[in-house]
Structures are given as structure tokens and as C-alpha cells.
Amino acid sequence: MIKINPVEILNLISEDGYADLTGIISEDQVEIINEKIKFAMEQPHSNGQRGYVKQGCQRYLADTLSYGKEIIDVYTNPTLIEIAEKYAEDLVHLSNYRIYSTYPSEDFKMWWHLDNKIDTYDFEKKTFIQQVVPDDKGLIFLMYLTDVVDGGVQLVKGSHKWSRKHDQESFDHMEDEFMDDIVTFNNCPKGTFVVYDYATIHRAKPYNGGQVRTSMFGQLSPSRMPAGEPILLNVRDLNHLTKKQKQVLNFGNEPTTLNWPIGTLEEFLPPVKEEVSFIKKLRRLFQ
């Protein structure tokens, strides 16, 4: 564990839009988290089977905070919360959160975007809707749970100072203009911990080969913003939560959207070759 000076971190975020907090979470804690989620990240989440929800080339751990107090303690780390509340000038809560694995892909390329927005779910259209809120001010953190060679997070240094002037979520069309300000967290060990203003333009660097990258993500929003996603905990951990942790975890507040992403039936189907073989077997049975 390293000693963090919150004032220095706040100055870095205010100036550059981000800061490196690597060391705020111990190596032992990272290893415990990896051990607790290992089997769940290898099977789809379905009908009581705890596992992942698939979206493109990524697997998202369902019921993320229910796997152990070690995970809760990352999202509610006292130093992280102190920095977030001083930066937002308000009490903060966890509005979005994920543990996910990204697989190299030739088809998927994350867009340059920002996250100072409100997410809601339209039950009639069965889709998530985003509303950009330029004046919203909060923090996101990203912690690597695996060593990352390629496909790491990319941030546009200083973009939080001007991105709020654009009422939009995507910034792909401006890439040529901020190319020289891109900071990439590649070739970084597990435990790498980056915190940034969620008006900082960012993405995961596209990559089409190499290792799977597993990360932990959290968005800390001021109390003046909606609660965000439902937070599901294991009753095992409830008696061990402090008053501050309960605040950050939205105790007593109604969620304002659903957990993203929502799985589809396709993730439970076998690969194409196996599926064709399966269909042939069915045909033989009914001939």
C-alpha cells in the first residue's frame, strides 16, 4: 500500500483530467478478488448459475459486488471516496460498476467517449438511453486485475476542460485534433489504478491479438445526480459495512436504471460448428 496525498491527486485531476493511484489497493487484495471471480468468469450467468454476461468481445461479471467484501472495499476505499467527494464538492455514490474481461477482437473498436451522462433503461423499447449532462462532475476509476500488455485504457489529457462544451457522448470525429494528447496505459501490471474526471475523453485501446484483459471499473457520482444501477450484495457482508460504505452503496435509494449490459440468448448457444452438428443430430432423431 502506498501513502496518497489527496491534495496532490486533486491537483493532477484538475489539471490533466486523471491521476495514477496505483498501490492504493494491495497485491494481496487483487489476488483474492481474482480467485473469487475465477470460475464465474468462465461460464454464462443463467437461472441461478453465477457467471458472466456477454457483450461483443467482452464478458461482464453479473452481481459484481456479491462475490466478497474485498470487492466492496475497492469501490468504497476511504482515500478514493475522500478524493471523489472533494473533487465533486458533494457526497458521492456508486452509480455504475463492472468487473469485465476484454478479448482481442478484429471486429470491435471502442469509440472515444465521455461518461458525464445519465443512463436510464426504456422498458418499452428495451434499450439503454444516455443523456449527456455537461455540468455533472464526478470520477471514474479503472483497476487492472491482470497484467496488461495491449488494449489498455486511453485518456485524452486535459480534455475534461473542453469536452463539456460539446453536447455529445462520442468524439471519434475529433481524434485527429487530440491525437498528441492521448495517454495509453499499456505494459502495466495488475493493480494499476487510474482515476479520472468522467468528462475526460477515453476508450480502451483497440487490439486484435495477445492476452485477455480483466479490469474493475467504478463511477462515483455526486448526490445531486441519479442513483444509477441496482447494487446487489450478499447478506454475508451487510453487518460489516460502515455508515460511509452504506452511503456510497446507495442504501435506501431506488436505482434509476438497470445493470448494463443485459445478456442475450446468443451467448448460451454453442459455437457455429457445434451448433450445426447439434442440428444434424436433432434431424436424425426425427427422421
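For the stretch 44-53, the tally of residues that are of a type in the set (Ser, Thr, Tyr) and buried (at least 17 other Cβ atoms within 10 Å of the Cβ) stands at 1.
Considering only residues of the stretch 168-203 that are touching a helix residue (DSSP H, G or I) at 6+ places or on another chain (Cβ under 9 Å), part of a loop (DSSP other than H, G, I, E, B) and of a type in the set (Phe, Trp, Tyr), which is farthest from LEU94 (Cα to Cα)? Looking at the filtered set, the residue picked out is PHE171.
Listed by first and then second residue, the pairs with beta-carbon distance under 6 Å, at least 6 apart or on different chains, first residue in the stretch 240-255 and at positive phi, second surrounded by 14 or more Cβ atoms within 10 Å (Cβ to Cβ) and in a loop (DSSP other than H, G, I, E, B), are ASN250/ALA227; ASN250/ILE231. THR127 falls short on exactly one of the conditions (1) modelled with pLDDT of 95 or more; (2) surrounded by fewer than 19 Cβ atoms within 10 Å (Cβ to Cβ); (3) of a type in the set (Ser, Thr, Tyr), and that condition is (1).
For the stretch 68-95, the set of residues classified as of a type outside the set (A, V, I, L, M) and assigned to a loop (DSSP other than H, G, I, E, B) consists of GLY68, THR76, ASN77, GLU89, ASP90, listed by residue number. Please go through (1) farther than 17 Å from THR214 by Cα; (2) of a type in the set (D, E, K, R); (3) touching a residue at least 40 places away in the same chain (Cβ under 8 Å); (4) in contact with a Phe, Trp or Tyr (Cβ under 9 Å, 6 or more places away or on another chain) for ASP107 and return the number of the only condition it doesn't satisfy. Failed condition: (4). Would you confirm, using the coordinates I've provided, whether ARG98 is crowded, with 21+ Cβ neighbours inside 10 Å and assigned to a strand (DSSP E or B)? Spelling it out, it is not the case that ARG98 is crowded, with 21+ Cβ neighbours inside 10 Å and assigned to a strand (DSSP E or B). Of all the criteria given as (1) β-branched (Val, Ile, Thr); (2) in contact with a helix residue (DSSP H, G or I) (Cβ under 9 Å, 6 or more places away or on another chain); (3) farther than 26 Å from GLY263 by Cα, the one not satisfied by ILE99 is (3).
So that you can scan it fast, the table gives a plain yes or no per residue for (1) surrounded by 19 or more Cβ atoms within 10 Å (Cβ to Cβ); (2) under 30 Å from ASP180 (Cα atoms):
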{"residue": "LEU12", "(1), (2)": "no, yes"}
{"residue": "LEU21", "(1), (2)": "yes, yes"}
{"residue": "ILE24", "(1), (2)": "yes, yes"}
{"residue": "ASN34", "(1), (2)": "no, no"}
{"residue": "LYS38", "(1), (2)": "no, no"}
{"residue": "GLU42", "(1), (2)": "no, no"}
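The single condition among (1) of a type outside the set (Asp, Glu); (2) under 30 Å from GLU70 (Cβ atoms); (3) touching a helix residue (DSSP H, G or I) at 6+ places or on another chain (Cβ under 9 Å) that TRP111 does not meet is (2).
Output yes when any residue across the stretch 61-68 is within 30 Å of VAL7 (Cα to Cα), in contact with an Asp or Glu (Cβ under 6 Å, 6 or more places away or on another chain) and touching a residue at least 60 places away in the same chain (Cβ under 8 Å), and no when none is. The answer is no; no qualifying residue exists.
The values are calculated or read from the model by the stated rules, or taken from the named source; none is laboratory data. Just so you know, these numbers come straight off a predicted model, no measurement behind them. In this analysis, Cβ positions are derived from the backbone assuming ideal geometry, glycine residues included, and neighbour counts consider all displayed protein chains.
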